[in-house]
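The values are calculated or read from the model by the stated rules, or taken from the named source; none is laboratory data. Everything numeric here is computed off the predicted structure, so don't read it as measured data. Methodologically, a virtual Cβ is constructed for each residue, glycine included, from the backbone with ideal geometry; neighbour enumeration extends over all protein chains shown.
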Amino acid sequence: MSVAPIAITGMGCICAAGGNQADSMNALLRGERRLGPPVRFASNHPIRYPVFEVADFEEPPDLLRTSAFALHAAREAVADTGLDRRTLGTLRVGVCVGTTVGTVMSEETFCRGYLAGDVPDMAPVRRILRSNPADVIAREFGLSGPRQTVVTACSSGTDALGIAGSWIRAGLYDAAIAGGADELGRITYIGFISLMITDDSSCKPFDRHRRGLNLGEGAAMLVLASEAVTRRTGMRARSFLLGYGSAGDAYHLTAPRPDGAGLRSAISEALATSGVSPASVAFVNAHGTGTPDNDRVESRVLRDMLPGIPFLSTKGYTGHTLGAAGAIEAVVTAACLEMGKIPANAGFETPDPEIANTPVREVTTVSGSVALSESLAFGGNNSVVVLGKA
């Protein structure tokens with residue numbers, strides 16, 4: 001059964017591609033890939049795996065980097081709506097933010113000191129306690145609605161959008177600020193290297209010679225609003241959240257189920273709730289990590305369920321931003337619908353005989369008003385949003 005569309009009235013984004021949504025999209029369309037060895041932290045690993053790090057960003061001293069990213073993107077998204085803070089304060093507004101590791105693995109020095117029997121300064125702990133990303137955004141704008149932080153691994157940002165949309169559809173709240181945020185750190189960096197799923201060069205989603213992902217960082221936030229509120233406040237709908245689907249496949253801690261059953265269920269649910277037929281989909285913004293298993297499974301599901309539909313991964317421009325990925329990719333998807341074109345799938349050169357379909361190789365014009373954004377996560381989480389052009 002289809003559900004009522006939710007207006008997306010504002011968007012904000014920060015990632016390695018750019019400090020805001022417009023700069024990020026311009027970089028993607030120019031094919032720019034800004035990656036290199038990590039600068040903010042050191043590792044004694046003999047290979048310096050490249051990452052997509054956000055440059056020239058200074059977080060405030062009382063917040064963790066993840067929450068500072070989230071706040072940066074939320075400020076842009078709210079400004080994009082055209083609402084002033086006073087008007088925003090008259091609405092019932094909730095906050096839902098997805099993240100993975102950014103707010104709990106940033107204070108390694110404190111933990112090492114504590115475990116060694118020292119009495120470390122408590123400032124880092126106070127910083128952590130102040131840095132729940134949903135609380136940070138609610139404090140900034142004086143919001144009294146629900147605050148939820150979603151942690152479903154790499155589908156967290158997508159799930160946050162789906163949950164916030166459900167609040168509005170249920171009539172619980174007028175609007176929501178929803179998205180995802182995550183930062184790079186040494187523990188995350190070393191952890192992914194230990195899983196042997198990182199590429200020591202630039203990642204190559206869906207390419208025959210893909211060897212793994214590149215980590216990234218950043219945030220994206222979207223302001224969602226009911227139809228009644230957009231009319232009352234004069235906000236314009238940039239695009240619409242039409243549907244959302246989520247399903248678990250409970251197959252493996254880190255690997256996708258080979259038949260893609262969870263992703264198939266999530267796509268089916270997202271299409272059903274949006275009332276959209278597969279044939280009307282203009283393009284798919286795939287999860288596309290560049291890991292052998294993910295790309296093989298995801299491409300086969302797309303071949304079977306959305307045959308002939310153009311698809312791409314944008315992680316070749318942003319890196320895998322973990323809990324922020326679904327939100328950043330939702331913003332990119334909505335912006336691409338507005339422009340009627342999608343960037344090339346960065347890193348793709350050689351077709352893989354195990355993958356029957358290939359992503360777009362150049363900036364491609366797309367027709368149609370509907371697109372999918374997919375997130376496949378550790379723990380068997382699969383989430384999909386359907387976005388529509390205003």
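Per the listing THR350, THR364, THR333, THR318, the residue uniquely out of contact with any Ser or Thr (no Cβ under 9 Å at 6 or more places or on another chain) and either among the basic types (Lys, Arg) or under 19 Å from ALA17 (Cβ atoms) (or both) is THR364. Candidates in region 311-357 are the residues that are touching a strand residue (DSSP E or B) at 6+ places or on another chain (Cβ under 7 Å) and β-branched (Val, Ile, Thr); of these, the one that is farthest from TYR244 (Cα to Cα) is THR318.
Taking region 1-58 as the range and being among the aromatic types (Phe, Trp, Tyr) and either assigned to a loop (DSSP other than H, G, I, E, B) or under 20 Å from ALA334 (Cβ atoms) (or both) as the test, the residues that pass are PHE41, TYR49, PHE57. The residue of region 83-131 that is farthest from the chain's Cα centre (by Cα), among those that are of a type in the set (A, V, I, L, M, F, W, C) and in a helix (DSSP H, G or I), is LEU115. Within region 26-51, the set of residues being under 20 Å from LEU387 (Cβ atoms) and either crowded, with 21+ Cβ neighbours inside 10 Å or β-branched (Val, Ile, Thr) (or both) comprises LEU28 only.
Kindly list, by first and then second residue, each pair from a residue in region 174-192 that is more than 17 Å from ASP80 (Cα to Cα) to a residue that is hydroxyl-bearing (Ser, Thr, Tyr) and assigned to a helix (DSSP H, G or I), limited to pairs with Cβ atoms under 6 Å and residues at least 6 apart or on different chains. Pairs found: GLY180/SER156; ALA181/THR66; ASP182/THR66; GLU183/THR66. Screening the candidates ALA272, ALA225 for the property of being more than 25 Å from THR318 (Cα to Cα) and either out of contact with any strand residue (DSSP E or B) (no Cβ under 9 Å at 6 or more places or on another chain) or crowded, with 24+ Cβ neighbours inside 10 Å (or both) yields one hit, ALA225.
Can you confirm whether region 303-315 contains a residue that is touching a residue at least 24 places away in the same chain (Cβ under 8 Å), part of a helix (DSSP H, G or I) and touching a Ser or Thr at 6+ places or on another chain (Cβ under 7 Å)? Yes, the conditions are met somewhere in region 303-315. Residues in region 58-75 that are surrounded by fewer than 21 Cβ atoms within 10 Å (Cβ to Cβ) and at pLDDT 95 or above: ARG75 alone. The one condition from (1) touching a strand residue (DSSP E or B) at 6+ places or on another chain (Cβ under 7 Å); (2) modelled with pLDDT of 95 or more; (3) not small (Gly, Ala, Ser) that VAL136 does not meet is (1). Checking each residue in region 330-354 for being part of a helix (DSSP H, G or I) and either surrounded by fewer than 23 Cβ atoms within 10 Å (Cβ to Cβ) or in contact with a His (Cβ under 8 Å, 6 or more places away or on another chain) (or both) picks out ALA335, GLU338, MET339. Within the set LEU322, LEU306, LEU337, the sole residue that is within 20 Å of ILE193 (Cβ to Cβ) and in contact with a Leu (Cβ under 9 Å, 6 or more places away or on another chain) turns out to be LEU322. Would you call ASP80 of a type in the set (Asp, Glu), at negative phi and surrounded by fewer than 21 Cβ atoms within 10 Å (Cβ to Cβ)? Against the criterion (of a type in the set (Asp, Glu), at negative phi and surrounded by fewer than 21 Cβ atoms within 10 Å (Cβ to Cβ)), ASP80 does not qualify. Scan region 333-376 for residues that are of a type in the set (Val, Ile, Thr) and touching a helix residue (DSSP H, G or I) at 6+ places or on another chain (Cβ under 9 Å) and the total you get is 6.
Listed here are the residues, each with its yes/no results for (1) modelled with pLDDT under 95; (2) surrounded by fewer than 21 Cβ atoms within 10 Å (Cβ to Cβ); (3) under 30 Å from ARG232 (Cβ atoms).
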site	(1), (2), (3)
SER144	yes, yes, yes
ILE163	no, yes, yes
ARG186	yes, yes, no
GLY212	no, no, no
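Tell me whether region 364-379 contains one or more residues that are more than 19 Å from CYS13 (Cα to Cα), in a helix (DSSP H, G or I) and not acidic (Asp, Glu). Yes; the residues of region 364-379 include at least one that is more than 19 Å from CYS13 (Cα to Cα), in a helix (DSSP H, G or I) and not acidic (Asp, Glu).
Identify the residue in region 126-142 that is in contact with a Ser or Thr (Cβ under 9 Å, 6 or more places away or on another chain) and of a type outside the set (A, V, I, L, M) and, among all such residues, is surrounded by the most Cβ atoms within 10 Å (Cβ to Cβ). The qualifying residue surrounded by the most Cβ atoms within 10 Å (Cβ to Cβ) is PRO133.
Listed here are the residues, each with its yes/no results for (1) in contact with a Phe, Trp or Tyr (Cβ under 6 Å, 6 or more places away or on another chain); (2) in contact (Cβ under 8 Å) with a residue 24 or more places away in the chain.
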| position | (1), (2) |
| --- | --- |
| GLY94 | yes, yes |
| ALA116 | no, no |
| SER131 | no, yes |
| GLU140 | no, yes |
